[in-house]
């Protein structure tokens with residue numbers, strides 16, 4: 001460390017430049033992580049907060065559009081209820097809708113239909129639950145759009161009305177729109193386009209999107225067996241995220257960008273230390289002639305890289321978090337989560353070290369003999 | 001190896017170093033025998049390519065000879081693996097390089113401290129007082145680019161001596177210096193050699209500094225012979 005620290009200080013301009021590149025990459029990485037987390041929240045926070053462990057959809061439904069295409073009946077619920085390891089199963093309806101409040105605010109909604117009083121029905125912050133037909137519990141984020149408690153929503157196209165009786169705790173969104181929980185019968189009427197006062201065919205009340213299944217604590221459900229028995233196709237809660245509109249495309253794009261960032265940072269750090277090491281060849285030859293062991297020279301150089309990476313990543317993450325804090329709460333879906341940032345920082349440092357190590361290994365090929373004579 | 005006093009310093013016995021393989025063999029060293037006692041400054045002169053650098057490389061445990069025996073500080077080098085050779089260089093051999101070859105990032109004092117950071121060496125000398133001894137204490141905080149050629153070489157000598165080596169190998173120490181600095185530097189080397197009882201081999205082109213040396217050898221085509229002053233143009 002004797003030489004490593006002194007070289008860092010002596011060539012601080014050069015190292016600062018390199019550090020700045022790594023720090024910028026770290027900033028970009030934090031912002032991407034926040035954006036990706038924000039998009040995930042926007043896409044599936046409504047699903048994430050459901051107590052279900054899996055959903056059973058219509059058999060052979062297309063997996064990336066399961067929520068919009070699937071229709072199942074009450075028989076599937078009964079079948080799932082009796083599967084081993086299942087604590088309970090209940091109908092679940094999911095549909096996207098456009099609504100207007102009596103105050104004239106347009107709002108896009110994901111209507112979640114649940115049986116009143118079932119384990120799937122959430123409780124609002126003011127204590128109300130999904131009970132009466134024609135009422136809705138909205139995600140707290142709908143308040144930002146201008147919806148207030150007691151507002152009446154008119155849902156297109158049939159003009160069904162929903163009274164806002166409560167707001168849920170925190171963000172519940174699906175496919176980038178706010179979630180509204182309604183009683184299953186109301187959901188079925190809205191979905192079927194039944195106009196208020198119109199006679200309803202009994203068939204309307206027999207269909208819903210999926211069976212929400214909750215596994216007993218500690219039980220490992222055999223989804224395939226359940227599907228065979230019930231004639232359904234199951235997705236775990238996590239797999240069902242992929243059925244949220246745009247979710248897979250968004251996350252895979254961001255993951256790709258993040259992957260590129262890691263590769264770029266490893267290459268940049270590797271290239272930098274390659275140049276530094278080549279530049280130090282004569283010096284390394286002298287050190288080896290003087291009796292410095294290869295191991296100690298490698299340790300010294302790697303310690304130098306690690307210090308640089310730690311400092312630069314730390315600064316970059318700090319700056320990224322500050323920038324991110326400014327973005328949080330704007331219309332941009334942005335959410336900072338410590339865990340993915342910690343993982344990403346560790347990956348950045350680890351890959352940087354791989355790059356540096358590859359470069360620094362050149363030290364082992366320096367012949368101490370070149371320290372003698374006028375060799376350069 | 002058993003009797004430390006009689007075998008310390010440098011002993012070369014019938015050392016031959018052949019470069020290349022097969023058809024175009026170059027005999028860099030040809031059956032060289034040389035003993036340098038502790039406290040003795042031996043100069044090796046000779047034209048470029050005569051094998052002077054090869055002599056330093058073999059004596060300094062940087063190159064293994066093709067045949068013959070090399071003993072440094074009472075240790076036969078042939079018995080040592082790479083790791084032990086590195087340790088031997090660290091503990092018992094000091095190098096003074098052409099144009100000093102100091103580390104750009106380090107101050108004069110840190111240059112001298114550097115060899116002691118590689119590992120614990122036996123009986124190191126105090127870097128600050130050593131720097132004072134070579135007349136550089138007033139420049140202790142200067143980096144190489146702030147030092148003159150002569151000053152750099154003084155620091156280089158202090159760096160080579162800080163581990164209290166038994167063998168000091170000096171490669172063209174005056175190549176980049178004017179006449180007066182050259183005299184000072186070689187005078188310093190002679191003084192350190194005599195007071196510290198180190199065996200010193202100095203390779204040089206500079207005939208003007210030879211009067212500081214206890215013995216002068218001439219190298220020609222890999223062979224070593226006693227230098228005959230009358231044969232050269234020097235005084």
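There is no residue in region A:18-41 that is modelled with pLDDT under 90, away from chain B (no Cβ under 14 Å) and in contact with a strand residue (DSSP E or B) (Cβ under 6 Å, 6 or more places away or on another chain).
Residue-wise test of (1) within 11 Å of chain A (Cβ to nearest Cβ); (2) more than 23 Å from residue B:37 (Cβ to Cβ); (3) surrounded by fewer than 20 Cβ atoms within 10 Å (Cβ to Cβ).
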residue	(1), (2), (3)
B:83	yes, yes, yes
B:102	yes, yes, no
B:105	yes, yes, no
B:111	yes, yes, no
B:118	yes, yes, no
B:125	no, no, yes
B:128	no, yes, yes
B:135	no, yes, yes
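For residue A:81, the requirement of being free of Cβ contacts under 8 Å to residues at least 24 places away in the same chain, away from chain B (no Cβ under 14 Å) and either in contact with a strand residue (DSSP E or B) (Cβ under 8 Å, 6 or more places away or on another chain) or within 20 Å of residue A:188 (Cβ to Cβ) (or both) is met. If you check B:48, B:71, B:53 for being within 11 Å of chain A (Cβ to nearest Cβ) and outside any loop (DSSP other than H, G, I, E, B), only one passes: B:53. Residue A:189: touching a helix residue (DSSP H, G or I) at 6+ places or on another chain (Cβ under 9 Å), surrounded by 22 or more Cβ atoms within 10 Å (Cβ to Cβ) and at pLDDT below 95, yes or no? Against the criterion (touching a helix residue (DSSP H, G or I) at 6+ places or on another chain (Cβ under 9 Å), surrounded by 22 or more Cβ atoms within 10 Å (Cβ to Cβ) and at pLDDT below 95), residue A:189 qualifies.
Among residues of region A:1-15 that are in contact (Cβ under 8 Å) with a residue 12 or more places away in the chain and within 8 Å of chain B (Cβ to nearest Cβ), those with a Cβ under 6 angstrom from a residue that is crowded, with 16+ Cβ neighbours inside 10 Å and assigned to a helix (DSSP H, G or I), sequence gap 6+ or separate chain, pair up as A:3/A:300. Of the residues B:225, B:190, the single one that is without any contact (Cβ under 8 Å) to a residue 40 or more places away in the chain, touching a strand residue (DSSP E or B) at 6+ places or on another chain (Cβ under 8 Å), closer than 29 Å to residue B:30 by Cα and surrounded by fewer than 23 Cβ atoms within 10 Å (Cβ to Cβ) is B:225.
Of all strands (runs of 3 or more DSSP E) completely enclosed by region A:111-192, which ones contain at least 1 residues that are within 20 Å of residue A:66 (Cα to Cα) and touching a strand residue (DSSP E or B) at 6+ places or on another chain (Cβ under 7 Å)?
A:177-183
Find the helices (runs of 4 or more DSSP H) located wholly in region A:261-376 whose residues include 3 or more that are in contact (Cβ under 8 Å) with a residue 40 or more places away in the chain, assigned by TED's automatic domain parsing to the domain that holds residue A:38 and surrounded by fewer than 21 Cβ atoms within 10 Å (Cβ to Cβ), and list them.
A:294-327, A:338-360
Any residue at all in region A:91-101 that's in a helix (DSSP H, G or I), crowded, with 21+ Cβ neighbours inside 10 Å and under 29 Å from the mean Cα position of the chain (by Cα)? No, that holds for no residue. Name the residues in region A:195-209 that are surrounded by 12 or more Cβ atoms within 10 Å (Cβ to Cβ) and out of contact with any strand residue (DSSP E or B) (no Cβ under 9 Å at 6 or more places or on another chain), would you? Scanning region A:195-209 gives A:200, A:204, A:205. Determine whether region A:33-41 contains at least one residue that is touching a residue at least 12 places away in the same chain (Cβ under 8 Å), touching a helix residue (DSSP H, G or I) at 6+ places or on another chain (Cβ under 8 Å) and buried (at least 24 other Cβ atoms within 10 Å of the Cβ). Yes, region A:33-41 has at least one match.
Filtered by the rule that a residue be closer than 24 Å to residue B:57 by Cβ and part of a loop (DSSP other than H, G, I, E, B), region B:161-191 gives B:162, B:163, B:164, B:165, B:166, B:172, B:173, B:174, B:175, B:176, B:177.
Determine whether region A:200-207 contains at least one residue that is more than 26 Å from the chain's Cα centre (by Cα), within 17 Å of residue A:119 (Cα to Cα) and in the same structural domain as residue A:159 (by TED's automatic domain parsing). No, region A:200-207 contains no residue that is more than 26 Å from the chain's Cα centre (by Cα), within 17 Å of residue A:119 (Cα to Cα) and in the same structural domain as residue A:159 (by TED's automatic domain parsing).
The values are calculated or read from the model by the stated rules, or taken from the named source; none is laboratory data. Just so you know, these numbers come straight off a predicted model, no measurement behind them. Ideal geometry is used to build each Cβ from the backbone, glycine not excepted, and the neighbour counts take in all protein chains shown.
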